[in-house]
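These notes are about the structure you will find just below.
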Amino acid sequence: MEARELKVKKGMNQMNEKKKQESTKKIPVITKIEAQKRSERYNIYLDGEYAFPIDEAILVKYVLHKGMEVTESFQKELETEDGLWKAYNRALNYLNYGLRSEKEVRDDLLKHEFTIETVISVVEKLKEQKYIDDLVYGESYTRTGANIGGKGPIVIKQELKRRGLDEATILKALEQYPFEQMVENGVAIGAKVIRRATEHSSRETRHKVQQTLMQKGFSSEVISIVLENIDTVKDDEDEYEALKKQGEKLWCKNERIKGFKKIQKVKTSLFQKGFPGDLINQFIEEKELEEDE
């Protein structure tokens, strides 16, 4: 018991001594406030030595002035608040270029090496001020994707998910994209594919329309309706012109092969591209006549 009491007594004496030292320790004072080249930023000097930088807003808030005492805890408070202010201004600048999701703002601040605690605090403040609102962001992103990008809802949903929006917010945001508009967009995209498919067979053109709409993020239901409302079937003349373009390329590609083997190879390739057998035979007959001449 005596050893334990001595140990406790020794500890108490050490604590008292530490407090005594702290109480007698000279508190640094501000000896100089120097403007930085950067606008609204200042350097604070304590006892003639550079100590820390501060923003003008913090300078004014705490009425910092020469001769003012700055304890260690007060300096930490100033530096913490300055960090929050810098992060807040950084986020406002980032938001100035357009709407951002909460995740995008958070990732940008972390990339600029602000502490997690600072980032959390700033993001919460921005949310309270309505500078960050994932639903507003999601609705705007959906309208832009639908009206300008011609994207399907599946792709928009994936992109919003990557930007950190939760499932409920995404579903609510997608209400900005009515089904009728999905079909209209799909038809417009399909028509564009058809215009460019001058070298493709009717079957391959239909497949390309379907594939493009899937890649753009449209559902199978929308794709089915789109295919019912566009004409992917070429007339015989256009179909044969498309076949000839493909056939000539294949004929040249296989020029080193002769006779029946070459004919079969070209026929197989054209058939795989969706061209009808009678038009393929017509093309082969024409090529054989050319070679005979």
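The values are calculated or read from the model by the stated rules, or taken from the named source; none is laboratory data. All values derive from a computational prediction rather than experimental measurement. Because the Cβ atoms are built from the backbone with ideal geometry, glycine has one as well, and the counts that use them run over all protein chains shown.
Out of the residues in the stretch 176-227 meeting the condition of being modelled with pLDDT under 95 and among the acidic types (Asp, Glu), tell me which one is nearest to residue 141 (Cα to Cα). Looking at residues that are modelled with pLDDT under 95 and among the acidic types (Asp, Glu), I get 204.
For (1) over 16 Å from the mean Cα position of the chain (by Cα); (2) without any contact (Cβ under 8 Å) to a residue 60 or more places away in the chain, each residue gets a yes or a no:
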site	(1), (2)
79	yes, yes
99	no, yes
104	no, no
126	yes, yes
137	no, yes
146	yes, yes
151	no, no
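Look at (1) in contact with a Lys or Arg (Cβ under 7 Å, 6 or more places away or on another chain); (2) surrounded by fewer than 19 Cβ atoms within 10 Å (Cβ to Cβ); (3) closer than 30 Å to residue 278 by Cα and you find that residue 201 fails only one, number (2). Considering every residue within the stretch 50-68, establish whether at least one is outside any helix (DSSP H, G or I), free of Cβ contacts under 8 Å to residues at least 12 places away in the same chain and over 30 Å from residue 170 (Cβ atoms). Yes, some residue in the stretch 50-68 is outside any helix (DSSP H, G or I), free of Cβ contacts under 8 Å to residues at least 12 places away in the same chain and over 30 Å from residue 170 (Cβ atoms).
In the stretch 97-148, which residues are in contact with a Lys or Arg (Cβ under 9 Å, 6 or more places away or on another chain) and among the basic types (Lys, Arg)? Those that are in contact with a Lys or Arg (Cβ under 9 Å, 6 or more places away or on another chain) and among the basic types (Lys, Arg): 100, 103. Per this entry, residue 117 is not counted among residues that are more than 30 Å from residue 218 (Cβ to Cβ), outside the structural domain of residue 224 (by TED's automatic domain parsing), touching a residue at least 24 places away in the same chain (Cβ under 8 Å) and outside any loop (DSSP other than H, G, I, E, B). Candidates 281, 254: the one that is farther than 28 Å from residue 233 by Cβ, surrounded by 10 or more Cβ atoms within 10 Å (Cβ to Cβ) and at pLDDT 85 or above is 254. Restricting attention to the stretch 106-124, the residues being surrounded by 15 or more Cβ atoms within 10 Å (Cβ to Cβ) and either aliphatic (A, V, I, L, M) or within 17 Å of residue 173 (Cβ to Cβ) (or both) number 4. Among the residues of the stretch 264-278, those that are surrounded by 11 or more Cβ atoms within 10 Å (Cβ to Cβ) and either acidic (Asp, Glu) or touching a residue at least 24 places away in the same chain (Cβ under 8 Å) (or both) comprise 270, 273, 274, 275, 276. Residue-level check: of (1) outside the structural domain of residue 162 (by TED's automatic domain parsing); (2) at pLDDT 95 or above; (3) over 20 Å from the mean Cα position of the chain (by Cα), residue 70 misses just (2). No other residue among 127, 103 is surrounded by fewer than 20 Cβ atoms within 10 Å (Cβ to Cβ), under 30 Å from residue 79 (Cα atoms) and touching a Gly at 6+ places or on another chain (Cβ under 7 Å) apart from 103. The criterion of at least 3 residues that are in contact with a Gly (Cβ under 8 Å, 6 or more places away or on another chain), of a type outside the set (Phe, Trp, Tyr) and outside the structural domain of residue 141 (by TED's automatic domain parsing) is met by the following helices (runs of 4 or more DSSP H) wholly inside the stretch 155-256: 179-196, 202-216, 220-229.
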